[in-house]
Amino acid sequence: MKLSPHTIELLEEACGHEIRIPADCNFLSLDIESKTKVHIGATTLKRLVGFTNDERQPHTTTLDAIAHYLGYKSWEEYSRIADNGNSTFDKHIYELRSATISQGSLVEVHYMPDRKITFEKMEHNRYKVIESINSKMPQGATGEIKNFVLHHPLFVDNVQSNGNHLGQYTAGIVSGLSAIKIIEKN
């Protein structure tokens, strides 16, 4: 079994390291073990990310450890959310990837204690702050966002406001985003 490209991207984000060569799986193995207390060997990870042509199914404990590392209770929960996380009609959005958001669409995020930012998608991964309530992010500022993930901090890179470069902004450092809402451009 090979993990989906989306899952591999999430693993890269979780460990803060790209998985480009087989040796990168050694780092990932150590990081997973340090955060979950479950050891997944580098060889198993090499198989799961596609560095080997071995189609054996991993043990349930291996998949559950990966899910736990990504912030889910089990592989079953992760699979359900990965399949349905971007559905509509009263379902929570768990993750929005910038590449899937249309230019001109609005993305509203909430985080503790009572903060709200509404972004408008511009070109590529660039967003403009349309509304900022109880947040240090200035209205009118622009920045780059790769994705919005529920219960994870929001990272806005290359923030600029009134011609000044402000650097990176992080929202929801402690508890992550508490809600994500998208308003698609018609």
Of [x] 137; [y] 106; [z] 122, which is the value of volume of the Cα convex hull per residue in Å³ derived from the coordinates here? [x]
Using 7 Å Cα-to-Cβ label points, what is the residue 158/residue 55 separation (nm, one decimal)? 4.2
Under the Karplus relation 6.51 cos²θ - 1.76 cosθ + 1.60, θ = phi - 60°, what is the ordered set of whole-Hz ³J(HN,Hα) values for region 164-172, x standing for Gly and Pro? 9, 8, 9, x, 9, 10, 10, 10, x
Quickly work out the residue 38-to-residue 99 label distance, labels modelled 7 Å from Cα along the C-beta direction, and quote it in nm with one decimal. 2.7
What list do you get for 183, 81, 101 if you sort them by fewest beta carbons within 10 Å? 183, 81, 101
Each label sits 7 Å from Cα toward the beta-carbon; between residue 79 and residue 23 the label points are separated, in nm, by 3.5
Calculate how steeply helix 75-84 sits against the longest principal axis of the alpha-carbon atoms of the chain, using the helix alpha-carbon long axis, and give the answer as 0 to 90 degrees to the nearest 10. 40
Output ³J(HN,Hα) for region 49-59: one whole-Hz value per residue in order, computed from phi by the Karplus curve 6.51 cos²θ - 1.76 cosθ + 1.60 with θ = phi - 60°, and x for Gly and Pro. 8, x, 7, 10, 9, 10, 9, 4, 7, x, 5
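Grab the DSSP H runs of the chain that are 4 residues or longer, score each as -39,500 (n - 2.57), total them, divide by all residues and round the 222 nm result to the nearest 500 deg cm²/dmol.
Result for the chain, helices only: -8500 deg cm²/dmol.
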Pairs of lysines in region 30-168 (C-alpha under 23 Å apart; 8 or more residues apart or interchain): 16
In sequence order, calculated HN-Hα J values of region 112-123 (Karplus, 6.51, -1.76, 1.60; Hz; x Gly/Pro): 5, x, 8, 9, 8, 10, 10, 10, 10, 6, 9, 7
Where Lys and Arg each count +1 and Asp and Glu each count -1, what net charge lies around residue 149 among other residues with Cβ under 9 Å from its Cβ? -2
Degrees separating the helix 24-36 axis from the principal Cα axis of the chain, which is the longest one: 80
Amide H of residue 146: which non-local residues (sequence gap of 5 or more, or other chain) have their own amide H closer than 5 Å, using H built in the peptide plane? none
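Given Cβ point charges of +1 (Lys, Arg) and -1 (Asp, Glu) and nothing else, what value in debye, to the nearest 20, does the dipole of the chain about its Cα centre take?
140
Below 8 Å, C-alpha to C-alpha, sequence gap of six or more: please give me the relative contact order for region 5-84 in percent.
Relative contact order here is 22 percent.
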Assertion target for 12, 76, 55, ordered by fewest C-beta neighbours within 10 angstrom first, is 55, 76, 12
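Read the figures in this text as sums done on the coordinates, not as results from a lab. Small disclaimer: the values here were computed from a predicted structure and weren't measured. Cβ: placed from backbone, ideal geometry, glycine included. Neighbour counts: every protein chain shown.
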